[in-house]
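The values are calculated or read from the model by the stated rules, or taken from the named source; none is laboratory data. A quick note: this is a predicted structure, and the numbers were derived from the prediction, not measured. Please note: Cβ atoms are built from the backbone with ideal geometry, for glycine as well, and neighbour counts cover all protein chains shown.
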Ligand SMILES: Nc1ncnc2c1ncn2[C@@H]1O[C@H](COP(=O)(O)OP(=O)(O)OP(=O)(O)O)[C@@H](O)[C@H]1O
């Protein structure tokens, strides 16, 4: 579907247009002091509008491989989506080669800055992490089923979950989302967009994506939030492990309590919730797409703690310990050690 055909949408989008000069002034000419960070498509700046509103501006780099259509997709999609667990899109600027996306400023930045940081992770106790997990699940469910459009995020990860002043989560970065009408839930692409470690095998190998790709990424995120470990090769007790293999082995051998981030200092009552969350994470990361639950089921599982959960089957990328340090392991390691790809062709990936 070519969304630019819709004239109503175009006028909606035009009403969100900001002058480049306004944003330039708001960000102090994109000064380094205002820079919040840098992603795959360019830098993000904090800005202050004249009406006092604080904004975050994504300035797409000139050499960004994101084309005009992708830029417009982001504008169109984000403008239509409103949910308390999504970052609010305020507008855009498109002048010459300059492309800017303007969002509400989210005070506490991204989740990865907390869960993977030994000092800051203590700020997220179990109740806060639980609230973040449930909020992300609701935001994703909205994208998949509740909004008028069916959106597959395709790049859900800890750095795309922002935290507001009360540590409520807001999903960011819809630039790579694809627009689907209801019923058209699956697609195939020859371009990979996303971040290794969060992408399911069917997407990496065949370019096949669906709402279940986001479910996979959500499962990885759950396990990261509980362990405080990134889904990549890491050393634990002198052994090389990947998060999914580690989680699966721990689950099978009933040692899953060992994988809980020590800073969570499990209080009585919460251990059961944490174990259930690991269980849900394993269901979401199953190799078999059909076996992975929908986000509606996941939200249901969180809302009804008495609901019996299915036994998970082996996760994708499960690496038996015999493969560790062998060629298989090296190949997986090469894939996972790339943090963000944003836009590579499958042929590039296979060639690696
Ligand atoms: N609306 C916002 N409010 C506050 N901080 C933000 C906002 N949007 C982005 N940031 C910050 O800017 C930084 C860069 O964001 P960006 O989305 O470009 O990068 P990323 O998610 O790390 O990478 P990628 O492009 O691969 O998604 C992040 O660290 C994030 O904390």
Restricting to the stretch 159-176, count the residues that are outside any strand (DSSP E or B), crowded, with 22+ Cβ neighbours inside 10 Å and more than 9 Å from the ligand (Cβ to nearest atom).
1
Looking at the stretch 250-268, is at least one residue touching a helix residue (DSSP H, G or I) at 6+ places or on another chain (Cβ under 9 Å), surrounded by fewer than 14 Cβ atoms within 10 Å (Cβ to Cβ), at positive phi and not in a helix (DSSP H, G or I)?
yes
So the check is Cβ under 6 Å with 6+ separation or different chains; which pairs have a first residue in the stretch 24-49 that's within 20 Å of residue 172 (Cβ to Cβ) and a second one that's away from the ligand (no atom under 11 Å from the Cβ) and in a loop (DSSP other than H, G, I, E, B)?
26/49; 34/27; 34/28; 45/27; 45/30; 47/27
Filter the stretch 11-25 down to the residues that are touching a helix residue (DSSP H, G or I) at 6+ places or on another chain (Cβ under 9 Å) and in a helix (DSSP H, G or I), then identify the one that is farthest from residue 107 (Cα to Cα).
12
Checking 111, 77, 90, 81 in turn, the sole residue that is under 26 Å from residue 274 (Cα atoms), touching a residue at least 24 places away in the same chain (Cβ under 8 Å) and within 16 Å of the ligand (Cβ to nearest atom) turns out to be 111
Is it the case, given these coordinates, that residue 140 is at pLDDT 95 or above and either farther than 26 Å from residue 257 by Cα or out of contact with any helix residue (DSSP H, G or I) (no Cβ under 7 Å at 6 or more places or on another chain) (or both)?
yes
Checked 285, 277 against criteria (closer than 18 Å to residue 309 by Cα, touching a strand residue (DSSP E or B) at 6+ places or on another chain (Cβ under 6 Å) and crowded, with 16+ Cβ neighbours inside 10 Å); the one match is 285
